[in-house]
Amino acid sequence: MRSGKLPVSGKTVMLLCLASFLAGTIFASRKWTQPDSEINTDLVIPTMSNHEKLSTISRKCDHKRKLAESNSGYIMREVMNTHQAIQSLDKSISTLEMELAIARTRQKVTQHTKENRASNQSIPNKAFMVIGINTAFSSRKRRDSLRETWMPKGDKLRKLEKEKGIVIRFVIGHSATQGGVLDRAIDNEEAQYKDFLRLDHIEGYHELSTKTRLYFSKVVSIWDADFYIKVDDDVHLNLGMLAGTLSKYKLKPRVYIGCMKSGPVLSQKGLKYHEPEYLKFGEEGNKYFRHATGQIYAISRDLAAYISINSGILHRYANEDVSLGSWLIGLEVEHVDERSMCCGTPPDCEWKAKRGNMCVASFDWSCSGVCNSVERMKHVHHTCGESDSAVWTLAN
């Protein structure tokens with residue numbers, strides 16, 4: 001009114017407001033209902049059919065499967081690496097335990113040597129091999145047959161020890177009545193030849209497993225040798241061939257050498273090699289694990305030390321060769337199947353000798369030794385034996 005303009009009525013204001021509202025509504029409606037061609041496709045989520053959805057899911061699953069497979073391969077490799085690491089650690093622990101056993105044994109050897117030196121007894125500190133010939137009270141003629149063929153005696157026996165490090169002894173225990181006539185007979189024989197190793201053991205065929213355990217425990221405490229051999233007193237032996245064969249394995253820490261076999265476990269009572277504990281070997285008719293035949297075998301220093309340290313808990317089966325095999329079966333041991341250690345008697349060993357394949361040992365399987373060895377040992381030695389100089393020409 002003060003400016004001189006006409007006043008606007010309330011109705012006019014209402015109409016203007018209504019018109020503005022309608023115009024705004026129409027404008028907004030046009031903006032939200034643009035045609036499909038004008039829509040920004042970047043802002044719209046496309047709709048998919050069921051087939052497309054399944055294809056997409058399948059592709060994703062396939063990708064996940066391949067990823068899982070690649071991961072499983074990686075996991076398996078890691079598992080294998082871990083397993084190998086554990087095996088390596090187990091071997092290292094086994095080696096350390098063996099070395100500890102050897103150290104203990106060597107400590108005993110040192111103490112034993114000092115005691116013997118104090119009593120003016122001469123005990124060799126080092127040897128290449130110690131050969132223990134298993135014998136019995138009734139085997140005097142067998143022992144003489146060996147002394148007259150492949151086994152040196154007297155000064156030659158001592159020279160062999162000193163110059164070549166080869167120790168040979170007949171191994172025997174004592175009778176049930178210690179100090180009786182049988183023991184005195186061995187005393188007299190020992191005074192004559194000085195080639196016995198006496199064990200604190202009651203002699204008996206069914207005690208051979210105990211005798212074998214005591215033998216290895218005894219010799220490892222006296223001689224620090226590379227190899228320890230057990231041989232029966234009815235087996236022909238070529239010392240040079242034995243030394244040459246064993247020398248091939250001198251650098252190996254744990255070897256078990258002999259003619260390996262796996263004979264049947266005999267459950268029937270009354271048989272010569274009956275196994276009272278046959279049930280431990282599974283069903284009736286099963287075979288033993290691989291082990292060296294009992295006529296002759298050799299073990300390295302570490303294994304003899306193991307037997308010496310653990311002798312109190314080593315189980316003894318009826319057959320001594322099976323017992324030895326069982327003591328070594330769970331260790332890291334190389335089993336050497338040396339067939340030259342189980343040749344037959346002539347003509348077998350004779351043919352092999354003529355072809356240049358001299359045998360280490362010869363015997364008859366049917367007799368578990370040379371049949372009628374007292375009468376035939378000289379013939380076997382003449383036919384299959386090496387020259388007298390063979391063992392002396394070996395390099396130390």
Original post:
Among 142-152, 325-335, 181-191, how do they line up from the highest to the lowest mean number of other beta-carbon atoms within 10 Å?
Top reply: 142-152, 325-335, 181-191
**OP:** For the range 156-252, just the Cα atoms, rotate onto the principal axes and tell me the three extents in Å, largest first.
**Re:** 44, 29, 26
Original post:
How big is the accessible area of His83 in square angstrom, nearest 10, if you roll a 1.4 angstrom probe over the protein chains?
Top reply: 90 Å²
Original post:
Sorted by mean Cβ packing within 10 Å, highest first, what order do the peptides 304-317, 286-299 take?
Top reply: 286-299, 304-317
Original post:
Applying 1/(1 + (r/R0)^6) with R0 = 35 Å to the Cβ-Cβ distance of Glu375 and Lys287, what FRET efficiency is obtained, to the nearest 0.05?
Top reply: 0.50
Original post:
Of Lys91/Lys272; Lys248/Lys352; Lys164/Lys272, which pairs sit farther than 29 Å apart, going by alpha carbon to alpha carbon?
Top reply: Lys91/Lys272; Lys164/Lys272
Original post:
Of all the accessible heavy-atom surface of the range 253-294, with the other protein chains kept in place and a 1.4 Å probe, what percent is carbon and sulfur?
Top reply: 54 percent
Original post:
If you rank Glu284, Glu207, Glu161 by how much accessible surface each has, with a 1.4 Å probe, what is the order from largest down?
Top reply: Glu284, Glu207, Glu161
Original post:
When DSSP assigns beta bridges and you keep just the ones with both residues in the range 241-396, what percent turn out antiparallel, to the nearest 5?
Top reply: 55 percent
Subject >> Å² of accessible area per residue within the range 178-321, as computed with a 1.4 Å probe and no ligands counted >> reply: 44 Å²
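The values are calculated or read from the model by the stated rules, or taken from the named source; none is laboratory data. The shown structure was predicted, so the numbers you read here are calculated from the model rather than taken from an experiment. Reconstructed Cβ throughout: ideal geometry from the backbone, glycine too, with neighbour counts over all protein chains shown. Heads up: the accessible areas ignore ligands, DNA and RNA and are worked out on the full protein's heavy atoms, side chains in. Shrake-Rupley method; radii C 1.70, N 1.55, O 1.52, S 1.80 Å.
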